[in-house]
Amino acid sequence: MAQLNNHLDILKILPKTNCRECDVPTCLAFAVAVKQGQKKLENCPHLGDEVLGQFQVEADQKDMGAEDFLRILEGRRAEVREIDDLLSRAERMGAEVKDDRLSIKVLGKEFLLDKDGKMASQCHMNLWVQRPILDYALFCQGLEPTGKWVSMRDLGKDGAEWANFFSKRCEEPLKKLADNYTDLFEDMVQIFDAKRAQEFDSDIAVELRPLPKVPMLICYWRDDGEMGSQLNLFFDEIAHHNLPVDCIFTLCTGMMIMFEKIAQTHGK
Ligand code: SF4
């Protein structure tokens, strides 16, 4: 029986539909929970006996009470405490320093990160947003966006590995949302400080800044009666230098959850 050694190995055998039937928001979160021993592979109702018979997981032998994300966040906060020059860090991130805290614009909203790695914002802060902000503070190399857009697949050496997950988790659900919720892009402009981008051959193109030096472009083609609708997300070619690719995936996952909530609240 093949051993699945980490959450990415586990994720590879999951359907990646994020259907939530396992009571976890995403397949990625489920994979983490399995690795931690909080869930078992058979808790995903979509894995048949054939697959279950092929793989096994040795769960981490540690306190299973703490959520994986909280543990990761705590580690990241400890690293943030080591940052000694806030000003140069802010400059690298395209952020500012206010009252000894990093002031970072996330989708146009201010998030404040203090020296202990704690965050404050007037916006709701879910775990999926906190981790990318901490990783951005820690790993951003400060490269300026070039304006050249590439797909997830072409994002550094790790992009190809994440491309299929990304398409299933982010692009496909966002396309469905856009198909059914006609004001989605207008709401992005109004709520998240997005900009309409005209110079693309899509019907709608919207540029978002989830982090100051990690811009993102959403292109949407309506159903023209012959071909179905299409939606693709693009990143600046330098994005992976400012935020690791796995964290870009996490960030987009969090944004999807946010857009879904907005559609539920504002949508028809
Ligand atoms: S792990 Fe399985 S049940 Fe859970 S969200 Fe993914 S596909 Fe659905």
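Before moving on, here are some points about what is shown:
- Within the range 7-57, if we keep just the residues that are part of a helix (DSSP H, G or I) and within 7 Å of the ligand (Cβ to nearest atom), the residue that is nearest to residue 173 (Cα to Cα) turns out to be 27.
- The range 6-26 residues that are open to solvent by 40 Å² or more (accessible area, probe 1.4 Å), paired with ones that are within 6 Å of the ligand (Cβ to nearest atom) and small (Gly, Ala, Ser) (beta carbon under 6 Å, 6 or more apart): none
- Output for the range 218-227, where each listed residue is part of a loop (DSSP other than H, G, I, E, B) and in contact with a Phe, Trp or Tyr (Cβ under 9 Å, 6 or more places away or on another chain): 227
- Filter result for residue 89 (over 29 Å from residue 170 (Cα atoms), over 17 Å from the mean Cα position of the chain (by Cα) and crowded, with 18+ Cβ neighbours inside 10 Å): yes
- Within the range 92-126, being open to solvent by less than 80 Å² (accessible area, probe 1.4 Å), touching a residue at least 24 places away in the same chain (Cβ under 8 Å) and not in a strand (DSSP E or B) holds for 93, 94, 95, 107, 108, 116, 117, 126.
The values are calculated or read from the model by the stated rules, or taken from the named source; none is laboratory data. If you're wondering where the values come from, they're calculated on a predicted model, not measured in any experiment. In this analysis, Cβ positions are derived from the backbone assuming ideal geometry, glycine residues included, and neighbour counts consider all displayed protein chains. Just the protein is used for accessible areas: all its heavy atoms, side chains included, with ligands, DNA and RNA removed. Shrake-Rupley method; radii C 1.70, N 1.55, O 1.52, S 1.80 Å.
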